[in-house]
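Data first, discussion second: the structure below is written as structure tokens.
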Amino acid sequence: MHYQSTRGHDLPQHFSDILLGGLAPDGGLYLPAEYPQLTAEELESWRELSYADLAFAVLSKFADDIPAADLQDITRRTYTGEVYSNGRAGDDASLITPLRTLGEEGGTELQLLGLSNGPTLAFKDMAMQLLGNLFEYTLAKSGDELNILGATSGDTGSAAEHAMRGKTGIRVIMLSPHGRMSSFQRAQMFSLQDDNIVNLAVEGNFDDCQDIVKAVSKDAPFKALHAVGTVNSINWARVVAQVVYYVHGWLLATDGPGQKVSFSVPSGNFGNVCAGHIARSMGLPIDQLVVATNENDVLDEFFRTGVYRPRSAAETHHTSSPSMDISKASNFERFLYDLVGQDATRLGELFRSLDEEGGFDLSGTPEFERISEFGFVSGRSTHADRVATIRDVHERYGVTIDPHTADGVTVARRHLREGVPMLVLETALPAKFAEIVREALGEEPERPEAFEGIEGLEQRFEIVPADVDRIKAIIAQHTGR
Ligand SMILES: *Cc1c(COP(=O)(O)O)cnc(C)c1O
């Protein structure tokens, strides 16, 4: 399996070559030269597999440069009932991504695919835990080390830290805006006592943190000397790890070949739904891929009108589904590349208008006409929608959902088709977002037992000024170079 860049770069890269990298050398994103195909017989033969072995079966199509026995060992160590049982003891693999039926609506079943049972109670654990084990494996082989520098406003940072804690050859240096995260989010990150986890609370906002990461990453000699890397959402292994639960969701919702299901995906950086697009391109019988946005509706605008106009940081709304507060969806380029028929020159043109005019308009083009062939539909949800949906799902079905999942349910309901099960991806547990749950239900969300009182645990972090040189000095102090 060879990988290429969306901007035309075509070196014969393998999975392991791009695992630790971000952008391709030409500034594009990596994609496989072609999508491996799933046959109906193959899918049927996977019905009895554990999640770990299903992950092995899917990943081995993309990572054929990793010896099969090693890859299987990695997936079996990653996807255990112990890691994905949100703290409940036990080893019941069915808890990893359970499918729950809410009820009959619009002539079909509205279902929730639970992706939030990992250590940080959000779907990012699904991919990040795998990445931790893959990184440790490749670094052990090469004898290299990696210092992951990141900026977080909550979910990604804690998922990365919980995935990398205690891993040999890896250190995480995570910047977060001092005093801006919820006490639960702070506790999830700052209570980690592992030597290889470094939490820096930056006196500034999230954009300041991100600017520092960018500035450090631009200093190529510093980056090389201190082996600085990132684990942002464009990482190919993260995307491909997410393909697995689309396959698992399909297997759980169907009982025979060719049956179609739809997925509704609360979207920000387009990483999650991009994995759905890849699963569909591999031949998984997916009817619709519903892109659900919050008030930050760049993607909804594109799928409805063909106009793509990313917003500036200043135009980005702070919403009650904060993990979707994204102005420019970093994985969107992967879908655009397929939409323009994998024509890197055409994609280059689009990105030139993006740079020069701040956007582009595909309305009326044959490319935009093809969107329905890819199964994409979209919708936008607001704070009032989230509150109403959390309340309604609780009243009707006795299930409490988080605000991101509520965006997914809100938009899914506008796209139900008779006889086609609609699987909404549950991207976080409500315990992480207590405030809006209190507003909607007048009560606290249930918290998994292992998370009771985590705010009281001892915390380890350093408060630092929003200053690039100061952060560089701290990195150097840790690497000792
Ligand atoms: C990251 C995140 C999203 C958005 O996922 P993308 O892959 O960025 O589209 C949605 N919900 C939650 C809870 C998240 O943490």
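Cα convex hull of segment 338-481: how many Å³ per residue?
267 Å³
Which percentage, to the nearest 5, of the DSSP beta bridges contained in the chain is antiparallel?
30 percent
Heavy-atom accessible area per residue, segment 74-214, 1.4 Å probe: how many Å²?
With the other protein chains kept in place, segment 74-214 gives 34 Å² per residue.
What are the extents of the Cα atoms of segment 338-381 along their three principal axes, in Å, largest first?
28, 27, 17
Name the residues whose placed amide hydrogens come within less than 5 Å of the amide hydrogen of I170, ignoring near sequence neighbours (fewer than 5 apart) on the same chain.
Those lying under 5 Å, H to H, from I170 are L146.
Ignoring ligands, DNA and RNA, what percent of the accessible area of segment 1-141 is carbon or sulfur (1.4 Å)?
51 percent
In a shell of Cβ-Cβ distance under 13 Å around E443, excluding E443 itself, what net charge do Lys and Arg (+1) and Asp and Glu (-1) give?
On the way: positive: R391, R438, R447; negative: E395, E435, E439, E444, E446.
Its environment carries a net charge of -2.
Describe numerically, in nm with one decimal, the distance between label points set 7 Å from Cα along Cα→Cβ at D194 and at T305.
4.5 nm
Take segment 192-245, drop everything but the C-alpha atoms, weight them equally and run the Debye formula without solvent; then report log10 I(q)/I(0) at 0.25, 0.28 Å⁻¹ to two decimals.
Result of the Debye calculation: -1.08, -1.08.
Heavy-atom accessible area per residue, segment 366-422, 1.4 Å probe: how many Å²?
Per-residue value: 42 Å².
Using a simple charge model, +1 on the beta-carbon of Lys and Arg, -1 on the beta-carbon of Asp and Glu, nothing else, what dipole does segment 333-481 show about its Cα centre, in debye to the nearest 20?
140 debye
Could you work out the local net charge near I475, counting Lys and Arg as +1, Asp and Glu as -1, over the other residues with Cβ closer than 11 Å to its Cβ?
With Lys, Arg at +1 and Asp, Glu at -1, the neighbours total +3.
Leaving ligands, DNA and RNA out of it, report the carbon-plus-sulfur percent of the accessible area of segment 384-460 at a 1.4 Å probe.
42 percent
Per 0.36 nm of contour for each residue apart, how much would the distance between L11 and D219 grow if the chain were fully extended, relative to their Cα-Cα spacing?
Stretched out fully, the L11 to D219 stretch lengthens by 72.4 nm.
What area, in nm² and to one decimal, does the C-alpha convex hull of segment 132-278 cast on average over all directions?
With the hull built on Cα positions only, its mean projection is 10.9 nm².
Could you tell me which of A241, H226, F206 has its Cα farthest along the dipole of segment 201-251 towards the positive end, charges placed at Cβ (Lys, Arg +1; Asp, Glu -1), taken about the Cα centre?
It is A241.
Using only DSSP helix segments of four residues or longer, with each worth -39500 (n - 2.57), what per-residue ellipticity at 222 nm results for the chain after dividing by its residue count and rounding to 500?
-12000 deg cm²/dmol
Pop a pseudo-label 7 angstrom from the Cα along the beta-carbon direction at both S183 and E444 and give the gap in nm to one decimal.
1.0 nm
Could you tell me the largest-minus-smallest coordinate of the C-alpha atoms of the chain on each of the three principal axes, in descending order and whole angstroms?
So the three principal-axis extents are 62, 54, 49 Å.
Near P465, within a Cβ-to-Cβ distance under 12 Å, what is the net charge of the other residues, with Lys and Arg +1 and Asp and Glu -1?
-4
If you place +1 on the Cβ of every Lys and Arg and -1 on the Cβ of every Asp and Glu, how big does the dipole about the Cα centre of segment 126-257 come out, in debye to the nearest 20?
Using Cβ point charges on Lys, Arg, Asp and Glu, segment 126-257 gives about 120 debye.
About the Cα centre of the chain, how large is the charge dipole given +1 on each Lys and Arg Cβ and -1 on each Asp and Glu Cβ? Please answer in debye to the nearest 20.
For the chain, the charge dipole is close to 480 debye.
The values are calculated or read from the model by the stated rules, or taken from the named source; none is laboratory data. If you're wondering where the values come from, they're calculated on a predicted model, not measured in any experiment. Quick reminder, even Gly has a Cβ in these numbers, built from the backbone with ideal geometry, and neighbours come from all protein chains shown. Accessible surface is based on the protein model in full, side chains and every heavy atom, while ligands, DNA and RNA are left aside. Shrake-Rupley method; radii C 1.70, N 1.55, O 1.52, S 1.80 Å.
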